[in-house]
Structure formats: C-alpha cells, structure tokens
Amino acid sequence: MQFSVSNAELTQKIAEKLAKALHAGDVILLDGDLGAGKTTFTKGLARGLGIRKNVKSPTFTLIREYHEGRLPLYHMDVYRLEETGGDDLGLEEYFNGDGVSIVEWSQFVEDDLPKEFLIVHFIKDETDDDKRTLVFEPRGKRYEEMLKIFE
C-alpha cells in the first residue's frame with residue numbers, strides 16, 4: 001500500500017488515520033533519509049492518539065515518551081546506535097509494553113526488533129522537494145489487518 005503526498009499536512013493526516021487502528025505493543029519502523037518526513041508522520045500519529053504535546057525528533061535523547069494520549073507513544077531515533085546497537089536500552093520493554101513504539105533508523109537495532117511490525121518507507125521525489133511516496137510494508141497478520149483502515 002502506498003500514498004503520494006505533497007505536503008506535511010497530508011503526511012500527518014495519513015498518520016492520524018493510522019493511529020485509530022493502533023493498539024498497545026504495536027511497533028512502527030520509519031525508513032527514510034534525513035528530512036523525508038519521519039518526525040512529521042510521528043506528529044500525526046501523536047495527534048491521532050490524542051497527544052497534544054509538541055512532538056520533537058529524539059535525535060539527541062534517543063527516546064521521547066508521550067503519555068497523555070489514548071496510548072503512550074515511544075518515539076525512538078536510534079541513528080546514534082549505529083556502532084553499538086541497542087543492547088543496553090531495554091527496547092524489548094517498550095516493544096512489549098503498554099504503548100506504541102515508533103523507531104527511526106531501525107536497521108541499527110535490527111537484532112532487538114520483534115518479529116512482526118509495520119515499516120513505513122519515505123521516498124523523496126527527485127524533482128519536487130515537497131513530494132513524498134509513503135510505502136506501507138506490513139510484517140505479520142496484525143499489521144496487515146491494521147492497514148484495512150485505509151480501505
């Protein structure tokens with residue numbers, strides 16, 4: 001499943017709709033270059049969960065937690081773990097916990113990921129800086145069912 005988007009607002013609206021299908025323990029991986037829209041997408045998820053706090057990239061903190069919505073949101077940017085991995089972060093506690101985990105740069109903690117998750121690929125348009133293609137890749141039955149919200 002994929003969507004073409006031409007602005008941040010549309011990216012957030014797609015994420016906001018997806019948030020309605022989220023349950024505790026869901027894991028979403030965001031795959032894309034710097035500036036591709038990963039944090040923008042996370043802002044939409046947060047809004048869809050009822051989180052009103054300003055969502056910021058966790059680049060320097062690794063994990064930002066938001067607890068005031070329908071479900072807690074755990075926003076992770078694990079880019080800085082490229083050399084070390086996530087062994088000492090206790091990621092499995094987040095992944096198996098009471099909230100939704102959003103992971104940017106997940107390839108750096110691949111060994112710590114659960115078997116099932118949803119990947120959202122952010123592909124920048126080569127000719128128009130505002131355009132993106134969001135490609136949803138479900139891994140597992142739960143995530144295939146989740147995407148039915150877009151039908």
| request: Mind checking which lysines have their Cα closer than 19 Å to the Cα of K124? Skip sequence neighbours fewer than 8 apart in that chain. | output: K13, K38, K43
| Label of the coordinate-derived value, semi-axes √(5λ) of the Cα gyration tensor in Å, listed as (1) 55, 22, 15; (2) 27, 17, 13; (3) 21, 18, 16 | (3)
| Taking Cα pairs under 8 Å and at least six residues apart, what relative contact order does the chain come out at, in percent? | 31
| request: Just need the relative contact order of segment 14-79 here, percent rounded to a whole number, with Cα pairs under 8 Å and 6+ apart. | output: 30
| task | Go through segment 9-23 residue by residue and turn each phi into a ³J(HN,Hα) via Karplus (6.51, -1.76, 1.60, θ = phi - 60°); whole Hz please, and just put x for glycine and proline. | result | 4, 5, 4, 5, 5, 5, 5, 4, 5, 4, 4, 5, 9, 7, 10
| note | A correct Karplus calculation of ³J(HN,Hα) over segment 110-124, with 6.51 cos²θ - 1.76 cosθ + 1.60, θ = phi - 60°, whole Hz and x for Gly and Pro, returns 3, 5, 9, 6, x, 6, 10, 5, 10, 9, 10, 8, 10, 10, 6
| query | How far apart, in nm, are the 7 Å Cα→Cβ label points at V135 and N96? | reply | 3.2
| What net charge do the residues around R132 carry, taking every other residue with its C-beta under 10 Å from that of R132, with Lys and Arg at +1 and Asp and Glu at -1? | -2
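Read the figures in this text as sums done on the coordinates, not as results from a lab. Quick caveat, the model's predicted, so the values are computed rather than measured. In this analysis, Cβ positions are derived from the backbone assuming ideal geometry, glycine residues included, and neighbour counts consider all displayed protein chains.
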